[in-house]
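Since every read-out is calculated from the coordinates, none of them should be taken as a lab result. Everything numeric here is computed off the predicted structure, so don't read it as measured data. Neighbour counts run over all protein chains shown; Cβ positions are idealised from the backbone, glycine included.
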Amino acid sequence: MDNHLAQPKVLAQRYIWIAVALALLVVAIIFGIYFSRVSDPYILNVLSMKGDRDRGSAIFQINCAGCHGSQADGNVGPSLRDISKHKSKIRLIDQVISGKTPPMPKFQPRTQDMADLLSYLEKI
Ligand code: HEC
């Protein structure tokens, strides 16, 4: 009699453990990706620098405004207004240097230029 009742309980416990293990795995993967980016020396360097927003704005006009609009309000590329509310600094840097969303090209700015650009992107 007891066996009938105990079985589903044991099964349920097993599923809970599997769910916990999967959740831990997902967390570990997310942290892994995050730390592999944070430990990228280029990104670390950029994050440690103080950006100059005016220089960043000039860099934006030359390299980015053609696609994203001179007011960063979008053209071929999407509007970048309030972009820092949706994307972290690391993801913004990654977007500029990775070239993984064509037609946006892969840029290789010097770290100071990237820091300046970042300070502009954070205040548009
Ligand atoms: C040749 C056109 C082009 C140029 C030049 C360009 N971009 Fe883009 N950019 C795009 C397109 C198209 C997308 C959308 C890509 C996608 O998500 O598929 C994009 C996406 C982005 C995004 C992500 C937007 C979002 O909502 O997630 C950011 C940030 C960005 N660009 C910044 C820049 C910066 C900074 C520069 C200059 C250094 C630049 N882009 C130059 C075309 C361009």
* To do: Of the conditions (1) in contact with a helix residue (DSSP H, G or I) (Cβ under 9 Å, 6 or more places away or on another chain); (2) closer than 21 Å to Ser98 by Cβ, Arg55 clears all except one; give me its number.
  => (2)
* Structure fact -> Selection over the stretch 65-103 where residues are closer than 19 Å to Val46 by Cα, of a type outside the set (Gly, Ala, Ser) and touching a helix residue (DSSP H, G or I) at 6+ places or on another chain (Cβ under 8 Å) yields a count of 9
* Filter the stretch 19-64 down to residues that are part of a helix (DSSP H, G or I) and touching a Ser or Thr at 6+ places or on another chain (Cβ under 6 Å) and give me whichever is nearest to the ligand (Cβ to nearest atom). => Gly56
* To do: Report, by residue number, each residue of the stretch 98-112 that is crowded, with 16+ Cβ neighbours inside 10 Å and within 9 Å of the ligand (Cβ to nearest atom).
  => Met104, Phe107, Pro109
* Can Ile124 be described as more than 9 Å from the ligand (Cβ to nearest atom), more than 21 Å from Ser39 (Cα to Cα), of a type in the set (A, V, I, L, M, F, W, C) and without any contact (Cβ under 8 Å) to a residue 60 or more places away in the chain? -> yes
